[in-house]
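*Asks:* Below are the structure tokens for one structure; questions will follow.
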Amino acid sequence: MVADDQAMVRTGFGMIIGAQPDMEVVGEAADGVEAVELARRLRPDVALFDIRMPKMDGLQALRLLAGPGVADPIKVVVVTTFDLDEYVHQALRNGAAGFLLKDSGPALLVEAVRAAVSGDALISPSITVRLLEHLSHPAPAGDDGGLSPRELDVVRLIARGRTNTEIATELFISVGTVKTHLGSVQSKLSLRNRVEVAAWAWEHRLVS
């Protein structure tokens with residue numbers, strides 16, 4: 001599903017998604033209120049939301065669909081022109097399954113959709129480190145959250161934007177083992193996805 005107040009953007013995204021053999025656009029919305037109503041009714045596998053929309057902005061719509069306390073969250077990837085720190089901070093805190101700049105290109109857009117479906121999350125590489133570094137005030141150094149050394153290895157690599165396959169290669173373990181460690185990390189820290197795991201790692205100064 002695509003939510004953007006510009007018809008040309010919705011059409012463009014629709015063409016990119018529609019060109020994939022295993023994807024289709026099931027709905028379009030031109031404002032935030034319509035986006036929330038449509039997403040709740042259609043339950044798309046992934047929703048692409050702009051931030052600046054009439055009636056209700058994308059961040060508020062995101063919070064209603066995927067924010068803290070939402071029982072059955074919808075996977076929302078924020079796609080915007082604006083990479084302001086405050087926007088990304090709010091998006092990740094409100095449960096975004098990715099944050100992409102509109103000029104990232106078709107390949108990255110498709111990759112972000114696939115990542116969201118598989119439980120991963122993609123953030124535009126050009127802004128990942130800068131944004132995660134400044135998510136919030138850092139916690140005291142040395143707080144490992146009760147994670148094992150290998151779990152901490154996985155967390156650090158997630159914070160650097162590595163995929164499960166890249167982590168498996170770097171740590172000489174299987175992709176299945178990476179997923180097991182990630183599941184354990186999310187359970188121990190009460191985090192819902194790898195974006196929140198990355199944010200936790202930066203906030204606890206596990207990466208620099």
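Each reported figure results from applying straightforward, stated rules to the coordinates on display, with no laboratory input. Nothing here was measured: the structure is a model prediction, and the numbers come from that model. All Cβ positions, glycine included, derive from the backbone under ideal geometry; neighbour counts span all protein chains shown.
*Asks:* Within the stretch 181-192, restricting attention to residues that are under 14 Å from ILE158 (Cα atoms) and without any contact (Cβ under 8 Å) to a residue 24 or more places away in the chain, which residue is surrounded by the fewest Cβ atoms within 10 Å (Cβ to Cβ)?
*Replies:* Here the residue is GLY183.
*Asks:* Just to be sure I understand, how many residues within the stretch 38-55 are surrounded by 15 or more Cβ atoms within 10 Å (Cβ to Cβ) and either over 20 Å from the mean Cα position of the chain (by Cα) or outside any loop (DSSP other than H, G, I, E, B) (or both)?
*Replies:* 5
*Asks:* Checking the condition within 17 Å of ASN193 (Cα to Cα), surrounded by 22 or more Cβ atoms within 10 Å (Cβ to Cβ) and in contact with a strand residue (DSSP E or B) (Cβ under 8 Å, 6 or more places away or on another chain), which residue from ALA29, ALA61, ALA66 passes?
*Replies:* Values: ALA29 fails: within 17 Å of ASN193 (Cα to Cα); ALA61 fails: within 17 Å of ASN193 (Cα to Cα).
Just one listed residue meets the conditions, ALA66.
*Asks:* Where residues in the stretch 188-200 are of a type in the set (Lys, Arg) and in a helix (DSSP H, G or I), which of them is farthest from PHE99 (Cα to Cα)? Spell out how you get there, then give the answer.
*Replies:* Here is the first cut: in the stretch 188-200, the ones of a type in the set (Lys, Arg) are 188, 192, 194.
Add one more test, that the residue is in a helix (DSSP H, G or I), and what stays is 188, 194.
On the way: LYS188: 25, ARG194: 13 Å.
Across the stretch 188-200, the extreme among qualifying residues is LYS188.
*Asks:* When the residues of the stretch 160-187 are narrowed to those that are β-branched (Val, Ile, Thr) and assigned to a helix (DSSP H, G or I), which ends up nearest to LEU108 (Cα to Cα)?
*Replies:* The first filter runs over the stretch 160-187 and keeps only residues β-branched (Val, Ile, Thr), leaving 163, 165, 167, 169, 173, 175, 177-178, 180, 185.
Narrowing further to those that are assigned to a helix (DSSP H, G or I): 165, 167, 169, 175, 177-178, 180, 185.
Numbers: THR165: 17, ILE167: 20, THR169: 22, VAL175: 22, THR177: 26, VAL178: 23, THR180: 26, VAL185: 27 Å.
Filtering first and then ranking leaves THR165.
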